[in-house]
Every structure is written in C-alpha cells, then in structure tokens.
1. Hey, which lysines would be in cross-link range of K21, C-alpha to C-alpha under 23 Å, not counting anything within fewer than 8 residues on its own chain?
2. Find which of A73, S3, A22 sits farthest along the positive direction of the dipole of the chain, computed with +1 on the beta-carbon of Lys and Arg, -1 on that of Asp and Glu, about the Cα centre.
3. Give me the dipole magnitude in Debye, nearest 20, for the chain about the Cα centre, with unit charges on the beta carbon: positive for Lys and Arg, negative for Asp and Glu.
4. Taking a probe of 1.4 Å, how large is the accessible area per residue of the chain, in Å²?
5. Please list the non-local residues whose amide H lies under 5 Å from the amide H of R63, H modeled 1.01 Å from N, same-chain partners needing a gap of 5 or more.
Amino acid sequence: MASTTTLLDPTGEHQVVARKKAPKPVSLEGRTVGLLDIGKARGDVFLDRLDERLSERGITVKRYAKPTPSRLATLETRQKIQAESEVAVIGLAD
C-alpha cells in the first residue's frame, strides 16, 4: 500500500501545490552538500560539526545563512543553494 506524505509550505501559498519529493541519493560521494544556517542560537555548532565530518569524507560542502531566524532565506540564497548543491541540510536549534 502506497503511503501519502503531506508537507506544509510556510511561504504563505494560498493554494496547495502538488510537488514530487526529490529522490534521496544513494550516497553523498561525489555530491555537493549545502548547509543552511537559519540563524538560531547554536545552529552553527551543529553545522560546523557536520561540515567537518562531511569534509573528512571528501564531500564538498557549501555554507549559506539566513539573515535572521524570523525571515525567509532570500530568493538569491535559495537560488544559490539550488544551483550549487545537490543535497541540502537546514540547521535547526533550540
């Protein structure tokens, strides 16, 4: 039996847009991983450690940041992540 996952988009859309989930990569080898710091306290600690561990495995890491936790990542930042990364991790903290 196929399962259905509903994802809520916090960007203020008034109509639900159907989107397919991107396939998960089998491996991170040879891929570029984007790390997005959303600006919450100590989120950078998590992302710094993740960056270190990925880099130790020879995985290319790109870093990005939002200006503050309460603001969306800018369009420019989102476009850079999409253009420069094949996998993205958003660093949450609290």
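1. Within the straight-line limit of under 23 Å, K21 reaches these lysines: K62, K80.
2. S3
3. Details: 16 positive and 13 negative charges, 38 e Å.
Dipole about the Cα centre, nearest 20: 180 debye.
4. Numbers: 7770 Å² over 94 residues.
Result: 83 Å² of accessible area for each residue.
5. Amide H neighbours of R63: L35.
The values are calculated or read from the model by the stated rules, or taken from the named source; none is laboratory data. Note that this is a predicted model, so its numbers are computed, not measured. Glycine gets a Cβ as well: all are built from the backbone with ideal geometry, and neighbour counts include every protein chain shown. Side chains are part of the model used for accessible areas, which takes the heavy atoms of the whole protein and leaves out ligands, DNA and RNA. Shrake-Rupley method; radii C 1.70, N 1.55, O 1.52, S 1.80 Å.
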